[in-house]
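Chemist: Once you've had a glance at the structure underneath, I'll fire off some questions.
The values are calculated or read from the model by the stated rules, or taken from the named source; none is laboratory data. Keep in mind that what you see is a predicted model, and the values were worked out from it rather than measured. Note that we place each Cβ from the backbone using ideal geometry, even for glycine, and neighbour counts take in every protein chain shown. For the accessible areas, the whole protein counts, side chains as well, though only heavy atoms, and no ligand, DNA or RNA atoms are used. Shrake-Rupley method; radii C 1.70, N 1.55, O 1.52, S 1.80 Å.
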Amino acid sequence: MEKIIVTLGERSYPITIAAGLFNDQTPFWPLTCGDSAMLVTNDLIAPLYLDAVRDKLMKSGVKIDQVILPDGEQYKSLTVLDQVFSALLAQSHSRDTTIIALGGGVIGDLAGFAAASYQRGVRFIQVPTTLLSQVDSSVGGKTAVNHPLGKNMIGAFYQPASVVIDLDCLNTLPRREFSSGLAEIIKYAIILDAAFFKWLETHLEALLALEPRALAYCIRRCCELKANVVAIDERDQGQRALLNLGHTYGHAIETYMGYGNWLHGEAVAAGMMMAVHAVRRLGQFRNADVERIKALLLRAGLPVSGPEEMAPEAYLPHMMRDKKVISGRLRLVLPVVIGKAEVCTNVANDMVVASIKDCQA
């Protein structure tokens, strides 16, 4: 078992990483006997893990209710969020309850936003079941639902009380979903850790084969990197923006194509290549590193260009709704070298379109 602390003063919390957590006797910190909780999951995860988690909590003396939502990014909406509120109210949950998010990024974001809003804020625990949510979305307190005009536009910063990562969940994860998670892992390496990027080049096949030691190291390293950034910039005012490499392009793809048609990691992977081509056009990135990134994404089973049916010019209206836009100016996260990135405000719209076209060449 590994434990990492996200250091945020009195709101600090642990990330626990191990295999078999759902089946051992370790309690779900900080729940104790007599507590009440609402377990939020979806109809894909419920048959796999709901009974194990619920039984574990009940043996600890926790009063547990549940709400099962439909699976898919298209259900990360205000309409589905209201189902969580209705379940909490119907079961008379008060301000001392705990919401437990059992699922991937959609469930984590939606349940976290419910926790931030219900009776002006109740405790919640993240139990991520996908690779992407284990290495990224469950850590850091970003919660949100989507709007037809933009992804994650309605939400709040709201930290969990705990993140519980059971590595065994990855054994049931479809390969496409696993590859989607690899995109966020590769992102961390590009923006923060050149040595980790080299490690991924060497150990990618071990990750794809679900080798336990490789998975444990990789997930721990990503959580460490994100925890360090969140501790410095919890509310995305500076360094945390770097974690959005590829996301400005990627969110445009997800919105244009309809939520769920492109997985988040797939859209981010294509967006990272677009960002890399933008900085190459600015003369600030080596061609050899462009090829290293492209090769690693392809080995991970990820796209390196956007949807064929989406014209390069169609990206800009969606990108201009990005949360990093300030005073009408588009800001892009661009790598300087592998292992370092910066937020740039000097990328003209025609350069953005050209970088998208470069990926299609």
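Chemist: State whether one or more residues within region 142-160 are under 22 Å from Asp233 (Cβ atoms), of a type outside the set (Val, Ile, Thr) and in contact with a His (Cβ under 6 Å, 6 or more places away or on another chain).
Modeler: Checked region 142-160: at least one residue is under 22 Å from Asp233 (Cβ atoms), of a type outside the set (Val, Ile, Thr) and in contact with a His (Cβ under 6 Å, 6 or more places away or on another chain).
Chemist: Determine which member of the set Leu298, Leu302, Leu334 is at pLDDT 95 or above, under 14 Å from Ala270 (Cα atoms) and open to solvent by 50 Å² or more (accessible area, probe 1.4 Å).
Modeler: Result of the check over Leu298, Leu302, Leu334: Leu298.
Chemist: I'd like to know if region 298-311 contains one or more residues that are assigned to a helix (DSSP H, G or I) and in contact (Cβ under 8 Å) with a residue 60 or more places away in the chain.
Modeler: Yes, region 298-311 has at least one match.
Chemist: Continuing with this model, one more query. Does Asp65 count as surrounded by fewer than 22 Cβ atoms within 10 Å (Cβ to Cβ) and not hydrophobic (A, V, I, L, M, F, W, C)?
Modeler: Against the criterion (surrounded by fewer than 22 Cβ atoms within 10 Å (Cβ to Cβ) and not hydrophobic (A, V, I, L, M, F, W, C)), Asp65 qualifies.
Chemist: I'd like to verify a number: residues in region 110-135 that are open to solvent by 20 Å² or more (accessible area, probe 1.4 Å) and within 9 Å of the chain's Cα centre (by Cα), how many?
Modeler: 1
Chemist: Which of the residues belonging to region 165-188 are surrounded by 24 or more Cβ atoms within 10 Å (Cβ to Cβ), part of a helix (DSSP H, G or I) and touching a residue at least 60 places away in the same chain (Cβ under 8 Å)?
Modeler: Selection gives Cys169, Ser180, Gly181, Leu182, Ala183, Glu184, Ile186, Lys187.
Chemist: State which residue pairs qualify: first residue of a type in the set (Lys, Arg) and inside region 339-361, second residue part of a helix (DSSP H, G or I) and modelled with pLDDT of 95 or more in any location, beta carbons under 8 Å apart, and separation of 6 or more residues or different chains.
Modeler: Pairs found: Lys340/Ile191; Lys340/Leu192; Lys340/Ala194; Lys357/Pro312.
Chemist: Follow-up question, since we're still on this one. Scan Lys142, Lys187, Lys198 and give me the residue that is at pLDDT 95 or above, in contact with a Leu (Cβ under 6 Å, 6 or more places away or on another chain), under 21 Å from Gly265 (Cα atoms) and not hydroxyl-bearing (Ser, Thr, Tyr).
Modeler: Lys187
Chemist: Also, quick follow-up: Scanning for something within 22 Å of Gln134 (Cα to Cα) and surrounded by fewer than 22 Cβ atoms within 10 Å (Cβ to Cβ), does region 32-44 turn up at least one residue?
Modeler: yes
Chemist: State whether one or more residues within region 196-217 are crowded, with 24+ Cβ neighbours inside 10 Å, among the β-branched types (Val, Ile, Thr) and on the phi < 0 side of the Ramachandran plot.
Modeler: no
Chemist: Quick check on Val352: is it farther than 25 Å from Asn152 by Cβ, over 23 Å from the mean Cα position of the chain (by Cα) and either at pLDDT 95 or above or not small (Gly, Ala, Ser) (or both)?
Modeler: no
Chemist: Could you identify the single residue in Gly265, Gly283, Gly250 that is in contact with a Leu (Cβ under 7 Å, 6 or more places away or on another chain) and either surrounded by fewer than 19 Cβ atoms within 10 Å (Cβ to Cβ) or part of a helix (DSSP H, G or I) (or both)?
Modeler: Exactly one of Gly265, Gly283, Gly250 is in contact with a Leu (Cβ under 7 Å, 6 or more places away or on another chain) and either surrounded by fewer than 19 Cβ atoms within 10 Å (Cβ to Cβ) or part of a helix (DSSP H, G or I) (or both), namely Gly265.
Chemist: Here are some residues: Ala300, Ala311. Which one is hydrophobic (A, V, I, L, M, F, W, C), more than 19 Å from Leu192 (Cα to Cα) and more than 24 Å from the chain's Cα centre (by Cα)?
Modeler: After applying the criteria, what remains is Ala311.
Chemist: Let me ask another. Residue pairs, Cβ under 6 Å, 6 or more apart or interchain, first in region 14-36 and farther than 11 Å from Lys59 by Cα, second part of a loop (DSSP other than H, G, I, E, B) and of a type outside the set (Gly, Ala, Ser). List them.
Modeler: Ala18/Met1; Leu31/Val62; Asp35/Val62; Ser36/Thr97
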